[in-house]
Structure formats: structure tokens, C-alpha cells
Amino acid sequence: MGRTLAAAIGIASIAAAAVASAEPPAGAASCSGCHPASTRVTSPVPRLAGLDRAAIVRAMQDFRSGTRTATVMDRIAKGFTDEEIRAIAAWYATQK
């Protein structure tokens, strides 16, 4: 049982590293125009790298539906499908 758990954790770690180093999905590059990549940058716009995947998905869906207001994000979010939002959120969640 212990070896199986250790193997599963090892495989999950490798998969997470592969996703973290993979090219960003379509649309993710547009985020870097406003969202800072560096932790050294002070900005009122939150850094996306490392944020919870579900939180990013929820925020994007809220912007898209209009339940969360913004100056630009509501218009940007309308350009993404649910599948694209999930892919972008998953990629950013694995970034450091």
C-alpha cells in the first residue's frame, strides 16, 4: 500500500511539473498584458500564477455573466468558452 501511494504521488508530481512547464493554452498570453508575472511587481491587478484553478474559473465566469463587474475583464471574459477558461485556469494554477 505504501509503495502504491508513493508511486501515485511521484506520477502526480511529474504530471504537475509537465503541465507547469508546458506552453500556455490559447488565450493565456493575453492575460499577461495586465496581470503581472513577477512577484516583485506591485499592481492592483492580481498575479494569476499559482492561484486556485477553481477560483480563476469562477472569477472568469462571473466576469463573463456580469455578476462581477470590471473595467475590462467582463469584455475579455466574454471572448472565452468554458473549455478555454478551464484550460487557462489549470495552466495558471500550476505556474509559480
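The values are calculated or read from the model by the stated rules, or taken from the named source; none is laboratory data. Source: prediction; values computed, not measured. Note that we place each Cβ from the backbone using ideal geometry, even for glycine, and neighbour counts take in every protein chain shown. All accessible areas refer to the heavy atoms of the entire protein, side chains included, with ligands and DNA or RNA removed. Shrake-Rupley method; radii C 1.70, N 1.55, O 1.52, S 1.80 Å.
Below is a table of values for the structure above.
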item	result
The stretch 26-95 - percent of accessible surface contributed by carbon and sulfur, probe 1.4 Å	55 percent
Area of residue 78 that stays accessible when all protein chains are in place (1.4 Å probe, Å², to 10)	130 Å²
Gained length - residue 42 relative to residue 72, 0.36 nm times residue gap less alpha-carbon distance	8.9 nm
Residue 65-residue 81 pseudo-label distance in nm [points 7 Å out on the Cα-to-Cβ vector]	2.0 nm
Förster-model FRET efficiency, 22 Å R0, residue 34 and residue 96, C-beta, rounded to 0.05	0.65
The stretch 28-88: proportion of alpha-carbon pairs further apart than 15 angstrom, %	51 percent
